[in-house]
1. Starting from the range 57-160, pick out the trypsin sites (Lys or Arg not before Pro) whose DSSP state is loop and whose Cβ has at most 13 other Cβ atoms within 10 Å.
2. So what is the 222 nm mean residue ellipticity for the chain from helices alone, if each DSSP H run of at least 4 adds -39500 (n - 2.57) and you divide by all residues, rounding to the nearest 500 deg cm²/dmol?
3. Work out the length of the dipole vector of the chain about its Cα centre, built from +1 on the beta-carbon of each Lys and Arg and -1 on the beta-carbon of each Asp and Glu, and round it to the nearest 20 debye.
4. Are there any GluC sites (Glu not before Pro) in the range 103-208 that are in a DSSP loop and have at most 16 other Cβ atoms within 10 Å? List them by number.
5. Could you please rank 57, 47, placing first whichever residue has the fewest other Cβ atoms within 10 Å of its Cβ?
6. Report the residue, chosen from 100, 149, 134, that carries the largest GNM mean-square fluctuation when the chain is represented by alpha-carbon nodes joined by springs under 10 Å.
7. Loop only per DSSP, at most 11 neighbouring Cβ atoms within 10 Å: give me the chymotrypsin sites (Phe, Trp or Tyr not before Pro) in the range 62-167, ordered by residue number.
8. Which one, 120, 101, 91, projects farthest toward the positive side of the charge dipole computed for the range 10-207 from Cβ point charges (K/R +1, D/E -1)?
Amino acid sequence: MLERLMPRTETFFDDFEKQAAETVNGARQFKDLLDDFTDVARKTQAIKDTEHRADDITHRAFERLHTTFITPFDRVQIHRLLSAIDDVLDLTDAAAERVNLYDVGPVVPDARELAGVLVAQTLKMQEAVRGLRNVRESEKILLCCREVNSLENQADSILRTALARLFKSGADPLTVMKWKEILDLIETATDRAEDVVNIIEGVVLEHA
């Protein structure tokens with residue numbers, strides 16, 4: 001009875017959507033960096049700026065979570081979702097940072113392909129996040145979740161092929177180590193995007 005009388009804040013949906021939008025932006029910036037490998041330091045800083053904006057959104061949302069009496073759904077799920085979306089962009093930023101710091105030279109084509117998968121994932125993740133405002137449209141949301149999962153499987157396959165190609169390339173060991181770390185970070189970002197939609201799927205199935 002008390003919960004029905006207390007207003008629920010809809011601001012968390014705004015937070016999720018702002019986070020997702022910055023994540024899409026960061027993934028696109030990273031893909032652009034790899035596609036046009038010039039002015040690397042400036043482009044890397046732009047990704048860092050995007051990540052900082054997203055962090056600000058996340059921190060404000062965490063603060064709100066501790067002061068809001070009634071939340072749209074379980075506060076543990078809200079915390080997990082905020083953290084998971086944040087992780088996608090953090091890992092994207094980490095990959096970009098290493099591209100800049102490690103002076104990697106020509107971009108490995110597989111890195112571009114993985115970055116393209118990440119962009120596609122974040123766009124579908126964004127659709128799923130937007131759907132949380134109306135979980136009754138469960139089929140539409142769950143379809144986005146399945147597509148993100150499928151893209152993550154694709155990223156796994158790309159990574160395996162990329163690493164095999166890298167180890168057979170005859171490149172010097174230091175170059176191999178640098179690109180392996182970068183490729184692993186990109187693929188891990190796709191894993192975290194899958195975590196995001198897994199949380200969303202749980203929310204939808206519980207509340208639809």
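1. Here the sparse-neighbourhood loop sites are 136.
2. About -29000 deg cm²/dmol.
3. Numbers: 27 positive and 39 negative charges, 43 e Å.
In debye, rounded to 20, the chain gives about 200.
4. Within the range 103-208, the qualifying GluC sites (Glu not before Pro) (loop, at most 16 other Cβ atoms within 10 Å) are 137.
5. Final ranking by Cβ density, sparse to dense: 57, 47.
6. Greatest mean-square fluctuation among the candidates belongs to 134.
7. 69
8. Result: 120, furthest along the dipole toward the positive end.
Each value in this text was obtained by applying a stated rule to the coordinates, not by laboratory testing. All figures in this text were calculated on a predicted structure; none of them were measured in a lab. Positions of Cβ are backbone-derived with ideal geometry, glycine not excepted, and every protein chain shown enters the neighbour counts.
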